[in-house]
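The values are calculated or read from the model by the stated rules, or taken from the named source; none is laboratory data. A quick note: this is a predicted structure, and the numbers were derived from the prediction, not measured. We place every Cβ from the backbone using ideal geometry, glycine too, and count neighbours over all the protein chains shown. Accessible surface areas use protein heavy atoms only, side chains included; no ligands, DNA or RNA. Shrake-Rupley method; radii C 1.70, N 1.55, O 1.52, S 1.80 Å.
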Amino acid sequence: LYARLERERVETEKRLREQQLALNIEAPEPRRRSQSISVGQLRLFPKAKPGAVSAPVAGALAQLFGATDDVGEKAEGLEIRTRPNAQVVAPFDGEIVFAERFGGYGRMLMIQHRGDYISTLAGLGRLDVSVGDLVLEGEPIGVMSNEKAPALYLELRRKARPIDPKPWLARRNGDGIG
């Protein structure tokens, strides 16, 4: 059983890499979950520079920070269109402080990062972490839903104020990141 699951995982990762070439965002290679890390091993959240933080999912930018959303409010994060069942990874080291379904946002995670930053990821179909888990950048934390064109909402806050996460993510072409 384990060998079959491992073969399926390798095949799935290979297909994901092939599909990422056609998208505007390239997610990092997911790492295995850390078994024994401590808060002291979590890195301080970096200054804003391209590539300082991993893209949490492969996809294309669908909405930018500050854009007017469907209900006329200014977006306090980014929306990344992705493929069904796409792997979602931790954008940076941190502690899971919220992990559950939240209103119309689907399953949502909040990760507390050292340096008074919190990232919020919403729209996931499945969560693979729980409150209190410590994660490292690039570790799998969930999977997108299997709907036709799922979108991950990514919000970054410093001292409770929303800030544009795009400057931390690696740029690719146009409005793409990765």
For region 148-169, state whether one or more residues are assigned to a strand (DSSP E or B) and at positive phi. no
Which strands (runs of 3 or more DSSP E) does region 80-139 wholly contain that include 3 or more residues that are over 12 Å from the mean Cα position of the chain (by Cα)? 94-101, 107-113, 117-127
Would you call Pro50 modelled with pLDDT of 65 or more and open to solvent by less than 80 Å² (accessible area, probe 1.4 Å)? no
Which numbered condition Ala99 fails, given (1) surrounded by 20 or more Cβ atoms within 10 Å (Cβ to Cβ); (2) among the hydrophobic types (A, V, I, L, M, F, W, C); (3) closer than 25 Å to Lys49 by Cβ: (3)
Only one of Leu64, Leu127 is surrounded by fewer than 21 Cβ atoms within 10 Å (Cβ to Cβ) and more than 22 Å from Ala160 (Cβ to Cβ), namely Leu127
Suppose the filter is out of contact with any helix residue (DSSP H, G or I) (no Cβ under 7 Å at 6 or more places or on another chain), open to solvent by 30 Å² or more (accessible area, probe 1.4 Å) and under 20 Å from Ile37 (Cα atoms); does Asp133 pass it? yes
Answer yes or no: is there a residue in region 135-151 that is within 16 Å of Leu61 (Cα to Cα) and touching an Asp or Glu at 6+ places or on another chain (Cβ under 9 Å). yes
Quick one: is Thr68 β-branched (Val, Ile, Thr), free of Cβ contacts under 8 Å to residues at least 40 places away in the same chain and either over 29 Å from Gln41 (Cα atoms) or in contact with a helix residue (DSSP H, G or I) (Cβ under 7 Å, 6 or more places away or on another chain) (or both)? yes
Residues located in region 67-79, provided they are of a type outside the set (D, E, K, R), farther than 17 Å from Trp168 by Cβ and either in a loop (DSSP other than H, G, I, E, B) or open to solvent by 100 Å² or more (accessible area, probe 1.4 Å) (or both): Ala67, Val71, Gly72
Show the residue pairs that are 6+ apart or on different chains and have beta-carbon atoms under 8 Å apart, the first residue being within region 156-178 and under 15 Å from Ala60 (Cα atoms) and among the acidic types (Asp, Glu), the second being open to solvent by 50 Å² or more (accessible area, probe 1.4 Å) and modelled with pLDDT of 55 or more. Asp175/Leu64
